[in-house]
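One structure is given below, encoded as structure tokens.
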């Protein structure tokens, strides 16, 4: 788990979590960190994954079938997992099914980043992914509403996270939005407050960085050309002065 994935997950629990919750982590294997230790006090935390390992309480036989009854969990979290899922849209329906009415689904997936097979790497998620998943779930008969979404800027690592928070049925109100707690979050969407995309960026942070570096290179070449011209002028002046002395 990279730095921003952990920090944003911890912030999610601080805003949406309350003590004593039933939490399911989909794709819970502890690879460089887990959200388990961020859960609200007194919560029950169950982790599922396709392979056994640290942080995995239940090993799934079918990645698109969660072996739990309807409405069992208050919160479902999934971090850096659905990009590896060949049919993540089916897994999302299962996540919605096992979430209690009034509960939340939190998804953190890459918007960009390295090709990392675990065992495969299939997808990247853009700002409108939350609306698409809401439409898909509603079409399939699941009452799911996008509460907020955004793309986070990178910090020490190379990843930009797309973060999606959904409510199952009628959600309990929360005081703050997660997107407002994350510095410089891009393409923020809060559908309950309107259709506007806040802090809108058409280009991904990779492209923003490339554009910035390209501008610096152009400015450097311009400065080099100016210095070369100055040197030529000084050489010409020195040559003229030398001729004049002769």
Q: Take residue 167 and decide whether it is under 19 Å from the mean Cα position of the chain (by Cα) and modelled with pLDDT of 95 or more.
A: yes
Q. In this structure, does residue 115 turn out to be assigned to a loop (DSSP other than H, G, I, E, B) and farther than 18 Å from residue 63 by Cβ?
A. yes
Q: For residue 115, state whether it is surrounded by fewer than 17 Cβ atoms within 10 Å (Cβ to Cβ), under 27 Å from residue 151 (Cβ atoms) and in the same structural domain as residue 159 (by TED's automatic domain parsing).
A: yes
Q: Could you list all residues from the range 98-112 that are more than 17 Å from the chain's Cα centre (by Cα) and surrounded by 23 or more Cβ atoms within 10 Å (Cβ to Cβ)?
A: 99, 103
Q: Among the residues of the range 66-92, write down those that are on the phi > 0 side of the Ramachandran plot and at pLDDT below 95.
A: 80
**Q.** Flag for residue 191 being surrounded by fewer than 16 Cβ atoms within 10 Å (Cβ to Cβ) and touching a strand residue (DSSP E or B) at 6+ places or on another chain (Cβ under 6 Å)
**A.** yes
Q: Among the numbered conditions (1) at pLDDT 90 or above; (2) touching a strand residue (DSSP E or B) at 6+ places or on another chain (Cβ under 6 Å); (3) under 30 Å from residue 21 (Cβ atoms), tell me where residue 136 comes up short.
A: (2)
Q. If you scan the range 22-44, which residues turn out to be part of a strand (DSSP E or B) and within 22 Å of the chain's Cα centre (by Cα)?
A. 23, 24, 25, 26
Q.
So in the range 79-97, with the set limited to residues that are part of a helix (DSSP H, G or I) and touching a residue at least 60 places away in the same chain (Cβ under 8 Å), which one is surrounded by the most Cβ atoms within 10 Å (Cβ to Cβ)?
A. 95
Q. Got a sec? Which of 47, 53 is outside any strand (DSSP E or B) and either more than 24 Å from residue 131 (Cβ to Cβ) or under 20 Å from the mean Cα position of the chain (by Cα) (or both)?
A. 53
Q: Kindly indicate whether residue 9 is surrounded by 17 or more Cβ atoms within 10 Å (Cβ to Cβ), within 25 Å of residue 176 (Cα to Cα) and at pLDDT 95 or above.
A: yes
Q.
Looking only at the range 98-116, how many residues end up being out of contact with any helix residue (DSSP H, G or I) (no Cβ under 8 Å at 6 or more places or on another chain) and either touching a residue at least 12 places away in the same chain (Cβ under 8 Å) or under 21 Å from residue 179 (Cβ atoms) (or both)?
A. 9
Q) Tally time: how many residues in the range 144-184 are more than 21 Å from residue 123 (Cβ to Cβ) and buried (at least 22 other Cβ atoms within 10 Å of the Cβ)? A) 5
Q) For residue 61, are the conditions met, namely being farther than 27 Å from residue 138 by Cβ, outside any helix (DSSP H, G or I) and free of Cβ contacts under 8 Å to residues at least 12 places away in the same chain? A) yes
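The values are calculated or read from the model by the stated rules, or taken from the named source; none is laboratory data. Small disclaimer: the values here were computed from a predicted structure and weren't measured. So basically every Cβ, Gly included, is an ideal-geometry build from the backbone, and we count neighbours across all protein chains shown.
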